[in-house]
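K.L.:
So that we are looking at the same thing, I have put the structure below in structure tokens.
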Amino acid sequence: MFGKNKQAKTDSSIKRVSHTPSIISNDVRVTGSLVSQGEVQLDGRIDGDIKAEHLVIGTSGVVEGVVEASSVVVKGKIIGSLNASEVKIENNAHVLGDIFHDTLSIEAGAIIEGSLKQRFEKEVIEHAKDKPKPVNDVKAIVDNEDSGLSFVNKSSTAKS
């Protein structure tokens, strides 16, 4: 029992995720980066970057740095860029910096001084008229009697 060597687990891939949010109250000021795998409620001030799964910046909360998260609710102030899948900016919020997002909600009264950029690329739809088919492909369609194309003029395709 006491004489055996037990190996302590030092695997850094083990992640502890708490369902209880980490709360930084309004009398706390942090200088440096903050990383959390869960939810963070910020009512104080952070001079540095924040990376969290879910972040709520309360009305008295201030971040001066880069914010990265899956979802962010801003009620306070961000001075720096914001990068999140889901962003909700409430009526008294103030964001001074670019916002990179997948979905964005902005309430009336919010102040944003920066650009809004959607992160995912929209699907490009190509129209058939933009890329005409080569004449040989059209002839092959016309020659096929079962094609059911009644709007193709066979005599005009035969001249080519």
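Bear in mind that the values in this text are calculations on the coordinates, not laboratory data. Since this is a predicted model, take the numbers as computed values, not measurements. Here Cβ is always computed from backbone atoms with ideal geometry, including for glycine, and neighbour counts include all displayed protein chains.
K.L.:
Among strands (runs of 3 or more DSSP E) lying entirely in segment 46-126, which contain 2 or more residues that are over 14 Å from the mean Cα position of the chain (by Cα)?
P.N.:
So the answer is 50-57, 62-64, 77-79, 94-96, 111-113.
K.L.:
Here's another thing I want to ask about it. Assess whether Ile50 counts as being crowded, with 19+ Cβ neighbours inside 10 Å and either of a type in the set (Ser, Thr, Tyr) or closer than 19 Å to Ser105 by Cα (or both).
P.N.:
no
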